[in-house]
1. Quickly work out the residue 98-to-residue 18 label distance, labels modelled 7 Å from Cα along the C-beta direction, and quote it in nm with one decimal.
2. Would you compute, from DSSP H runs of 4+ residues alone, the mean residue ellipticity of the chain at 222 nm, taking -39500 (n - 2.57) per run and dividing by the full residue count, rounded to the nearest 500?
3. On a 0 to 90° scale, report how tilted helix 17-30 is relative to the longest principal axis of the chain, with both axes built from alpha carbons and the result rounded to the nearest 10.
4. Given Cα pairs under 8 Å that are at least 6 residues apart, what percent is the relative contact order of the range 1-153?
5. Would you kindly calculate the translational diffusion coefficient of the range 28-179, applying Stokes-Einstein with the Kirkwood radius from alpha carbon pairs, for 4 °C and a viscosity of 1.567 mPa s, and quote it in µm² s⁻¹ without decimals?
6. Relative to the longest principal axis of the C-alpha atoms of the chain, give the angle of the C-alpha long axis of helix 57-77, reported between 0 and 90° and rounded to the nearest 10°.
7. Go ahead and set up a Gaussian network model of the chain, Cα springs under 10 Å, then flag whichever of 30, 90, 115 fluctuates most.
8. In degrees between 0 and 90, to the nearest 10, how far off the longest principal axis of the chain does helix 96-122 point, with axes built from Cα atoms?
């Protein structure tokens, strides 16, 4: 008797974005929490159909941008007014108009770092292995097919009931994926 691998969950395949959108609404309404939709291109409004909250990335970018601008300004102030003050043409040590370009650029730089590394952290990237790569069907996800994967760790997950739900959404195929 062959030993069965632990199940990752169920994978359902759809042919069109419309089918996927309606299936996402049905899965969301059924109360599942640990699931995702996979598409070869962005599908407008899919996050609404999935019931996703707005992203925290804009807040991370905002905080990092303002922090970068503040650090850039403080660095310039400290070097020109505290550490190495120079009297040039009777200008004040804290000549803030001269600090504007560097302050702006530091804000942009830190905001970009916040966007990139925040996105990496929230999306748990880089992911070098994922259980869905075990499915031959899933290879078409980057070409012309749309998928919904419901994970076995979801509290509502029941293999038979979840399979019935996915089949009732008009899926072309539903398969169990091993870890």
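Rule-based calculations on the coordinates, nothing more; no lab input. Please read these numbers as outputs of a predicted model, since none were measured by experiment. All Cβ positions, even for glycine, are placed from backbone atoms using ideal geometry, and neighbour counts span all protein chains on display.
1. Using points 7 Å along Cα→Cβ, the separation is 6.6 nm.
2. Helices in the chain give a 222 nm mean residue ellipticity of -14000 deg cm²/dmol.
3. 90
4. In percent, rounded to a whole number, it is 48.
5. Stokes-Einstein gives a translational diffusion coefficient of 65 µm²/s.
6. Long axis of 57-77 versus the principal axis of the chain: about 20 degrees.
7. 90
8. For 96-122 against the chain, the angle is about 20 degrees.
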